[in-house]
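One structure below.
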Amino acid sequence: MSGSQSKSALSVAKGVDPPPAINPTLARKLGSRKAKDYGKGEIVDGILGGDRIVLSRAITLVESSRSEDRQMAEEIVEACLPHSGSSIRVGVTGVPGVGKSSLIEVLGMHLTDDLGRSVAVLAIDPSSQVSKGSILGDKSRMEFLSANPRAYVRPSPSRGSLGGVARKTRETVLLCEAAGFDTVLIETVGVGQSESTVHSMVDFFLLLMLAGAGDELQGIKRGIMEMADLLAITKAEGANRRRAEVAKREYENALHLFPSKRSQWYPRVLLCSAAESDGIKQIWKAIEEHDCQTKANGYWRLNRTEQAKSWMEETIEYELHDTFMASPSVRRLLPAMESRVLAGTLSPFSAARRLLDAYRAK
Ligand SMILES: Nc1nc2c(ncn2[C@@H]2O[C@H](COP(=O)(O)OP(=O)(O)O)[C@@H](O)[C@H]2O)c(=O)[nH]1
Ligand SMILES: [Mg+2]
């Protein structure tokens, strides 16, 4: 960063070294082996050395549902934890087709090429594999960014519930940070619970909107708009520009009516066009400004701490649920309980009570 920003507090270097290119010797050594074939120490060293191949294998372990993989993944994440946490974590959400992947591609190129940052892109979208990326000219491959040596693009895990995928993404964020990435961009489709899930793992929440499509049509609920730190109206070029400007004023008025944020940050509305690389720098400037402001006023730390606590609680919930469902006595009793509840011959509460009793008595 230089020039006009040099006097600004925003120009403070982030202090994370860019990840080096793949270490060819290590890559050859590890190339044909599966993650489980090499030791925890080797994997941790590889990650801390910024080796993409090792990082990818470690993420595969994190995403695995086999218990021995989980065990190994947990140890790796634990070892990486002291080296993580220093990136700017940004969630990018909006309906399919709004332009999330396209924006991330252009923003990512700006961050790496113009600002010298290193960028990891993760996706939380278990449904994307179903459509195979064919809907609305999906740009999820991010051709340029994928080929960029300062970037790492990891597609969404192909299996699992939203909650499960989100939990794995949190661990993946930590691994990417330990590998030296100073910026983590998380793309998620803005339907259902995914926005609040992403909100619970990022520092900054960017909501993308289309001009003139109507909020209902975009499935954007008030609660999601309330979470946004920045609302960017996409595809604001050519004939769309004027409509986007009208929408900008409308959204600005709407945002004024929301209660003020705990972060004391005033959410903004900006226009952007990934096609014309327009408005991209402004988006990043807002994110940096937010980073500075919330670090100065203490909100950044408070938010990260609260997030860590809720990750712990959610992990316990998932683990308990999984152990419960896997227990032989519960599995034996469950079909009967389900059909009696469906038939209306047993109340859901009694059924749950009997299942819990069976679990405890095992
Ligand atoms: N005209 C125009 N089209 C865009 C822009 N950004 C994305 N698109 C197109 O919108 C479609 C969906 O984009 P994509 O990035 O895959 O959206 P996502 O589903 O939100 O990730 C693709 O056909 C893109 O080429 C833009 O700034 N201008
Ligand atoms: Mg996409």
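In terms of distances greater than 27 angstrom between alpha carbons, the cross-link table entries LYS100/LYS281; LYS261/LYS285; LYS281/LYS309; LYS168/LYS309 yield LYS281/LYS309.
Between SER65 and THR315, what FRET efficiency comes out of the Förster formula 1/(1 + (r/R0)^6) with R0 = 22 Å and r the beta carbon distance, rounded to 0.05?
The calculated FRET efficiency here is 0.90.
If you sort SER339, SER102, SER263 by accessible surface, 1.4 Å probe, largest first, the order is SER339, SER102, SER263. Going 7 Å from the Cα of ASP114 in the Cα-to-Cβ direction, what parts of region 241-282 have a backbone nitrogen less than 17 Å from that spot? Taking a point 7 Å out along Cα→Cβ of ASP114, the residues of region 241-282 whose backbone N falls under 17 Å are 270-282. Judged by the mean number of other Cβ atoms found within 10 Å, the most tightly packed of the peptides 57-64, 331-338 leads the ranking 57-64, 331-338. Per atom type, region 35-78 shows carbon and sulfur on 46% of its accessible surface, probed at 1.4 Å. Residues LYS281, LYS248, LYS168 ordered from highest to lowest accessible area at a 1.4 Å probe: LYS281, LYS248, LYS168.
The values are calculated or read from the model by the stated rules, or taken from the named source; none is laboratory data. Everything numeric here is computed off the predicted structure, so don't read it as measured data. With ideal geometry, Cβ positions are generated from the backbone for all residues, glycine too; neighbour counts draw on all protein chains shown. Remember, those area values only see protein heavy atoms, side chains included, never the ligands or the DNA or RNA. Shrake-Rupley method; radii C 1.70, N 1.55, O 1.52, S 1.80 Å.
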